[in-house]
Structures are given as structure tokens and as C-alpha cells.
1. Using each residue's phi in the stretch 63-80, evaluate 6.51 cos²θ - 1.76 cosθ + 1.60 at θ = phi - 60° and report the 3J(HN,Hα) Karplus result to the nearest Hz, with x for Gly and Pro.
2. Mind checking the full-extension length gain between residue 50 and residue 77? Use 0.36 nm per residue of separation minus the Cα-Cα distance, one decimal, nm.
3. Could you work out how far apart the two model spin labels at residue 60 and residue 43 are, taking each label as a point 7 Å from the Cα in the direction of the beta carbon, and quote it in nm?
4. Quote to one decimal, in nm, the extra length available between residue 85 and residue 30 on full extension: 0.36 nm per residue of separation minus the C-alpha distance between them.
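Readers should treat all values here as calculations from the given coordinates under stated rules, not as data from a laboratory. Here the structure is a predicted model, which is why all the values come from computation and not from measurement. As a convention, Cβ positions derive from the backbone with ideal geometry for all residues, glycine included, and neighbour counts pool all protein chains shown.
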Amino acid sequence: MHAELKSGDCAILALVNLSLQIDAERYPEKMRWFLLGAWVLILAKCVAVWWAIGHWQVPIHAAWIIVPTLMMAALATAVWLVHTED
């Protein structure tokens, strides 16, 4: 019952089997605190945007600002955590 693989299936299978192993000892404590501080600032900004848009009745939904902010921050964090030095 094995289906034949198409050309793009190998890449998808490689992504599915990707295991992320993050070694906390690889990053100095100072860098981890910096990352935590950056996330605290990002979340504070998101709360401030949510409040400001509601308070001043800006005619957009706060998610238009908050969601891309969180997505880019998560992407940057993921790249930082899984990078390897050559």
C-alpha cells in the first residue's frame, strides 16, 4: 500500500521528520535574558496597540498589527534558536 512519491513529497517528508533539538547550554544566560526581554517588549507593544486602537477608536482591527508582529518575532526567534555555526 505504498504510494509513489512525487517530486515535492521528499521535501515535505524531510520537514515532517525534522526534529528540533534546542540546547539551552549552547546560549549564554545573558543571551537568553536578552531574548526574554525582547519578547516582553514585543508583548507589551501588542497590548499597547490593542489598547490604543480601542481607546482612540481607530477603524482597523488590532490583529492587523499584532498578528504580523508576533509572526515575525516567532520566525526570528526560531531562526535564532535553530541556527548552526559553520
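1. 4, 5, 9, 6, 4, x, 4, 5, 5, 5, 5, 5, 5, 4, 5, 5, 5, 5
2. On the way: separation 27, 0.36 × 27 = 9.72 nm, distance 2.26 nm.
That pair, residue 50 and residue 77, stretches by 7.5 nm at full extension.
3. Between residue 60 and residue 43, the simple spin-label model gives 2.4 nm.
4. Working: separation 55, 0.36 × 55 = 19.80 nm, distance 1.87 nm.
Here the segment from residue 85 to residue 30 would lengthen by 17.9 nm.
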